[in-house]
Amino acid sequence: MLRSAAARVSRQAIQPRVLAPVRSQSTSQPAPAAKASALIDALPGNSLVSKTGIVTLTAATTAAAISNELFVLNEEVVILGSFAIFLGYVSSLVREPYREWADGQIQKVKDILNTSRAAHTSAVQERIDSVGELKDVEGLTKALFALSKETAELEHETFRLKQQAAIAAEIKSVLDSHVRHEAQLREQEQRDLVQTVLGNVQKQLTDKKLQRDILLSAVSEVEQLAKNKAI
């Protein structure tokens, strides 16, 4: 009983001091509805029903604690409550800037991720396009290989024909030189034969007996022609 009386006395003593700043603050604020809305927004919870439930539960718990003398309202409790209210007010003031800052950071990270994803997508698409452009490389490579093979065969055939032409020209040159040599030999033999025959004839013509025989033969032929009246 003494404890409850002391609590009531302390509440009566503290209540004017607590209500005085509240009245002065209420006179300075133009819109009580805005203050109430700010206080409601400062309460934890996502909806008005949950916030109302929290306030009701807190008030009922406090009343039950005071009535059962489990909670004694003194200066320490008032200071603690004021500090809690101050922290709630500061948190309500800081919540929106912090939310904006957090949203800005989240959006910045999202932008970085989206930019990275777009760059990665663009790189992958460029790679796909480059690979798509190279889809005909196999056929083109086969065609170029066949063309190079045909070119090599033509070059080999050309080289072979050049070698054959060179060999044929060399053989022809050798044969021509051989024919010229044989012709020169035959000409030399013919000249030697003519010289030999002329030498023999001239030698025989120097023989007096042969000269007499030739002369007699010529006279005989002339006489024979005279007999036959050929001259």
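Just so you know, all these numbers are worked out from the coordinates, no wet-lab data involved. Every value quoted in this text rests on a predicted model; they were computed, and no experiment measured them. Here the Cβ is made from the backbone with ideal geometry for all residues, glycine too, and neighbour counts use every protein chain on show.
I need the GluC sites (Glu not before Pro) found in the stretch 145-231, filtered to DSSP loop residues with at most 16 other beta carbons within 10 Å of theirs.
none
Find the centroid of the Cα atoms in the stretch 100-119 and in the stretch 137-204, then give the distance between the two in whole Å.
The stretch 100-119 and the stretch 137-204 have Cα centres separated by 87 Å.
Please find the FRET efficiency linking LEU113 to LEU93, where r is the Cβ-Cβ separation and R0 is fixed at 25 Å, and quote it to the nearest 0.05. All intermediate terms of the calculation are to be shown ahead of the outcome.
Numbers: r = 31 Å, r/R0 = 1.25.
Efficiency, from the Cβ-Cβ distance: 0.20.
Magnitude of the Cβ-charge dipole of the stretch 80-231, K/R +1 and D/E -1, about the Cα centre, nearest 20 debye?
Details: 21 positive and 23 negative charges, 115 e Å.
Rounded to the nearest 20 debye, it is 560 debye.
Using 0.36 nm times the number of residues separating LYS162 and ILE128, minus their current alpha carbon distance, what extension gain do you get?
7.2 nm
So how far apart, in nm, are the two label points at SER220 and ALA152 if each is 7 Å from Cα heading toward Cβ?
9.1
Pull out the extension gain between ASN228 and HIS178, defined as 0.36 nm times the separation in residues minus the alpha carbon to alpha carbon distance; nm, one decimal.
Result for the pair: 12.3 nm of gain on full extension.
Charges only on Cβ, +1 for Lys and Arg, -1 for Asp and Glu: so what's the dipole of the stretch 173-231 about the Cα centre, in debye to the nearest 20?
380
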